[in-house]
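To start, the structure itself, in structure tokens.
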Amino acid sequence: MNHPLLSVRNLSVQFRHRHETTYAVQDVSFDLHAGETLGIVGESGSGKSVTCSALMGLLPCPPAFIPQHSQALFDGCDLLKLTEKEFPSVRGQQISMIFQDPMTSLNPCMRVGDQVAEPLMLHQGLSRREAFARAVEELALTGIPDPEQRALAYPHEFSGGMRQRVMIAMALITRPRILIADEPTTALDVTVQKQVLDLLRARQQELGTAIILITHDLGVVKSYAHRIQVMYAGSIVESAAAAELIENPRHAYTRSLLASMPAARAKGERLRPIPGLPPSLKEPVYGCSFRHRNTIGKPELCLTEGTPSLVEISPGHFVRNCPGCLA
């Protein structure tokens, strides 16, 4: 396989406030290749969004703290070592991000066309007239009808699905090499979810953009991601090609996520939620972080000391080596 476009190694993120430390992300490593879609899946609080916010330089330091050994190599430079003055040459130009709630990401006082055009003026030096014309073209490419008129409207005049299309247009107008989509379909109904994801895939095929798709729903990524990594309590517990992970999940947490999906139950059968809550991250997690919620494996065999290592059990399939979670 070609050299990765993005190579993340041992990424850890802590939040330090007075005498408290929250260990939000712990030793996360992965590669992203050009044209690939990487799905990052896990419950709320598992560290998905914090991981990608760190890559985008969106975490205020302090209170966020990223250890020196953490690396995120993109085009020969370490994203984690860039200063705020250096980041604009990458953020919005080479790497873009779509957030889960477009209404809080769009400026309610600016016309939609001006907001889509703004990255071109900031990063490519286009005039307002040139950038606005390009914005209208991009809105048309994302399937917004009558783009010339809609570009003059304000965000509150759009539906939720159309606002998300505006966010996609804004993120892709600079032709970035990486697009991070953070829960892009959370607030949308199922039909609109599919439309948005199909649009992302179509634009990816046109532009060759690599996508990191963050979600809590394995049902979403199984049809759209090439590879999936499952995060729990700030760490990756399993990572594999999408088809391999769905058909042959090994870690108890991955199996629990799949079992909790409504599509996995027969009609009239009770849903199978994961009991309990994730562990507090106010201190480093030792042993198996999932042992208190493990109802699919053998919790009595889960490690109570040390940290289970991420091992390759088959080509390209990595899993935390905890006997209780693999049982």
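The values are calculated or read from the model by the stated rules, or taken from the named source; none is laboratory data. This structure is a prediction, so every number in the text was calculated from the model and none was measured. Positions of Cβ are backbone-derived with ideal geometry, glycine not excepted, and every protein chain shown enters the neighbour counts. Note: accessible area is taken over every heavy atom of the protein model, side chains too, but ligands, DNA and RNA are not part of it. Shrake-Rupley method; radii C 1.70, N 1.55, O 1.52, S 1.80 Å.
Looking only at region 243-273, count how many residues are hydrophobic (A, V, I, L, M, F, W, C), crowded, with 16+ Cβ neighbours inside 10 Å and out of contact with any Lys or Arg (no Cβ under 6 Å at 6 or more places or on another chain). Even if it seems obvious, please write down each step before you answer.
Initially, region 243-273 is screened for residues hydrophobic (A, V, I, L, M, F, W, C), giving 243, 245-246, 252, 257-259, 261, 263-264, 266, 271.
Filter again for crowded, with 16+ Cβ neighbours inside 10 Å, leaving 245-246, 252, 257-259.
Pick out the ones that are also out of contact with any Lys or Arg (no Cβ under 6 Å at 6 or more places or on another chain) and you get 245, 252, 257-258.
Total meeting the criteria: 4.
Could you grab me the full set of residues in region 1-20 that are in contact with a His (Cβ under 7 Å, 6 or more places away or on another chain) and either open to solvent by 80 Å² or more (accessible area, probe 1.4 Å) or among the basic types (Lys, Arg) (or both)? Give the steps one after another, and end with the answer.
We begin by selecting, within region 1-20, every residue in contact with a His (Cβ under 7 Å, 6 or more places away or on another chain); these are 1-2, 4-5, 10.
Result: Met1, Asn2.
If you go through region 285-308 one residue at a time, how many are open to solvent by 40 Å² or more (accessible area, probe 1.4 Å) and either of a type in the set (A, V, I, L, M) or within 23 Å of the chain's Cα centre (by Cα) (or both)?
Going through region 285-308 one residue at a time, the tally reaches 3.
Could you tell me which residue of region 21-51 is surrounded by the fewest Cβ atoms within 10 Å (Cβ to Cβ), considering only residues that are of a type in the set (A, V, I, L, M, F, W, C) and more than 26 Å from Tyr286 (Cβ to Cβ)? If you could, list the steps in order and put the result at the bottom.
Let us first name the residues in region 21-51 that are of a type in the set (A, V, I, L, M, F, W, C), namely 24-25, 28, 30, 32, 34, 38, 40-41, 50.
Keeping just the survivors that are more than 26 Å from Tyr286 (Cβ to Cβ) gives 32, 34, 38.
Numbers: Leu32: 22, Ala34: 14, Leu38: 24.
Here the answer is Ala34.
So, in region 113-128, how many residues would count as being buried (at least 16 other Cβ atoms within 10 Å of the Cβ) and either among the small types (Gly, Ala, Ser) or touching a Ser or Thr at 6+ places or on another chain (Cβ under 7 Å) (or both)?
5
Which of (1) assigned to a loop (DSSP other than H, G, I, E, B); (2) open to solvent by 20 Å² or more (accessible area, probe 1.4 Å); (3) touching a helix residue (DSSP H, G or I) at 6+ places or on another chain (Cβ under 7 Å) is the odd one out, the single condition Met103 does not satisfy?
(1)
Go through (1) in a helix (DSSP H, G or I); (2) touching a residue at least 24 places away in the same chain (Cβ under 8 Å); (3) open to solvent by 30 Å² or more (accessible area, probe 1.4 Å) and name the single condition Glu84 misses.
So the condition that Glu84 fails would be (1).
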